[in-house]
Amino acid sequence: MEEVLSTLARHATRSLSDHEHEQTSPPESSSSLAMHELIAGGIAGSAGIFVGYPLDTLKVRMQMLPSGSSSSVSALLFNPQYGSVWKGVGAPVTMAAFLNAQIFLTYGRSTGLWNEYFGARKEDPSLLRDAVCGGLTGLISAVIMCPTEHVKTRLQIQQKSNVMNGSREASNVVYRDSYHAMRQIHGKYGVTGLFRGVSATALRQGPSFAVYFAAYNHIRDTAAGHGFKDSLLLSMTAGGIAGSLSWAVVYPIDLIKSRIQAMPLDSKLNYSMKAVTRQFLHENGWMALYRGFWLTVIRAFPVNGVIFPTYELTMKALQSTEITR
């Protein structure tokens, strides 16, 4: 999630560009502006994924550690059996544009309907509106997130196995890349195989987006009320804090989701959330539910530090291109 939660949701909120475009740019058609926002959001989201992906890989590998394991951070990052920390990055990057469009449209439409029904203005702060519409956006995003994260997780934790090729020993892997993994899983286990862990994904996405959107907008509104000027620094700070808060709420669910998606697809074991949670707690205890949580806090701020400037610069570049036509 991350991972996408801390990246692609950013531009769907009341961003700095909302004010800048109105004051410094010539008027654009609503369709042109919407397209520009979708493109800029997709590019910014992809940039955020690349920046945060090594830490995301480390987080997932830490979540998979067996009880009593003392593997260090460096061992998990540079273990030759795991391979590159970038394994699986193709899946979230490929789906970034689709997820970005879903977030933009769902959150924008739902807040519009909320304001229309309750007679509220877009500019009026509302924690309840941001939480409800954000939660709905998160629940719907699980449809895109689940297969994407399933493929990503399997590649992040996949270890090489040594096999004999004639007189030479060679390394072998089940999945070569994201596309190969998606084809193999769908071919052998169908759509239900790709959507392994969809319930856990939805249970994570709904609350995390509710907390993120509400916290992000509240921090910015509160800062504005105390005389702070809207700026990229404020947006990045608010995004980092909101991302950390949302992870604090749903991290145990994310850990269980990762373990469900990492289980062998042909296993006869019960992979329901209840069964996996009970087994995990029996073997590791309650404190282990937050194993690797600190990595999401560290990741939130550099990811936001890349996303907001990338989004703003892309919007300005698209606007300038529109003007020169």
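The values are calculated or read from the model by the stated rules, or taken from the named source; none is laboratory data. Owing to the predicted nature of the structure, the values given are computational and were not obtained by experimental measurement. Cβ: placed from backbone, ideal geometry, glycine included. Neighbour counts: every protein chain shown.
Among residues of segment 173-199 that are within 15 Å of Glu149 (Cα to Cα), those with a beta-carbon under 8 Å from a residue that is part of a helix (DSSP H, G or I) and among the acidic types (Asp, Glu) at least six positions away or on a different chain give the pairs Gly197/Glu149.
Among the residues of segment 193-230, those that are farther than 25 Å from Ala131 by Cβ and at pLDDT below 95 comprise Gly227, Lys229. Filtered by the rule that a residue be surrounded by 15 or more Cβ atoms within 10 Å (Cβ to Cβ) and not in a helix (DSSP H, G or I), segment 64-96 gives Met64, Leu65, Tyr82, Gly83, Val85, Lys87, Gly88, Val89.
With the condition being surrounded by fewer than 19 Cβ atoms within 10 Å (Cβ to Cβ) and at positive phi, I'd like the helices (runs of 4 or more DSSP H) fully within segment 191-306 carrying at least 2 qualifying residues.
Values: elements: 198-225, 232-262, 273-284.
The helices (runs of 4 or more DSSP H) meeting that bar number zero.
Which residues, taken from segment 112-141, are farther than 17 Å from Ser208 by Cα, outside any loop (DSSP other than H, G, I, E, B), touching a residue at least 12 places away in the same chain (Cβ under 8 Å) and not hydrophobic (A, V, I, L, M, F, W, C)?
Our first condition is that a residue be farther than 17 Å from Ser208 by Cα; within segment 112-141, this holds for 112-126.
When the remaining residues are screened for being outside any loop (DSSP other than H, G, I, E, B), the result is 112-118.
Then keep just the ones that are touching a residue at least 12 places away in the same chain (Cβ under 8 Å); that gives 114-115.
Within segment 112-141, just Asn115 meets the criteria.
Condition (residue is out of contact with any helix residue (DSSP H, G or I) (no Cβ under 9 Å at 6 or more places or on another chain) and either under 26 Å from Phe50 (Cα atoms) or modelled with pLDDT under 95 (or both)) applied to segment 118-139: is it met by at least one residue? The answer is yes, given that some residue of segment 118-139 is out of contact with any helix residue (DSSP H, G or I) (no Cβ under 9 Å at 6 or more places or on another chain) and either under 26 Å from Phe50 (Cα atoms) or modelled with pLDDT under 95 (or both). Among the conditions (1) within 20 Å of Gly243 (Cβ to Cβ); (2) of a type outside the set (Asp, Glu); (3) out of contact with any helix residue (DSSP H, G or I) (no Cβ under 9 Å at 6 or more places or on another chain), Leu99 misses just one, which is (3).
Quick check on segment 114-131: of everything there that is more than 19 Å from the chain's Cα centre (by Cα) and under 25 Å from Leu99 (Cα atoms), which residue is surrounded by the fewest Cβ atoms within 10 Å (Cβ to Cβ)? Outline the logic, then answer.
Just the residues of segment 114-131 that are more than 19 Å from the chain's Cα centre (by Cα), to begin with: 114-129.
Restricting the remaining residues to those that are under 25 Å from Leu99 (Cα atoms) gives 114-115, 122, 126-129.
Values: Trp114: 18, Asn115: 17, Lys122: 12, Ser126: 20, Leu127: 14, Leu128: 10, Arg129: 20.
Only one residue tops the list, namely Leu128.
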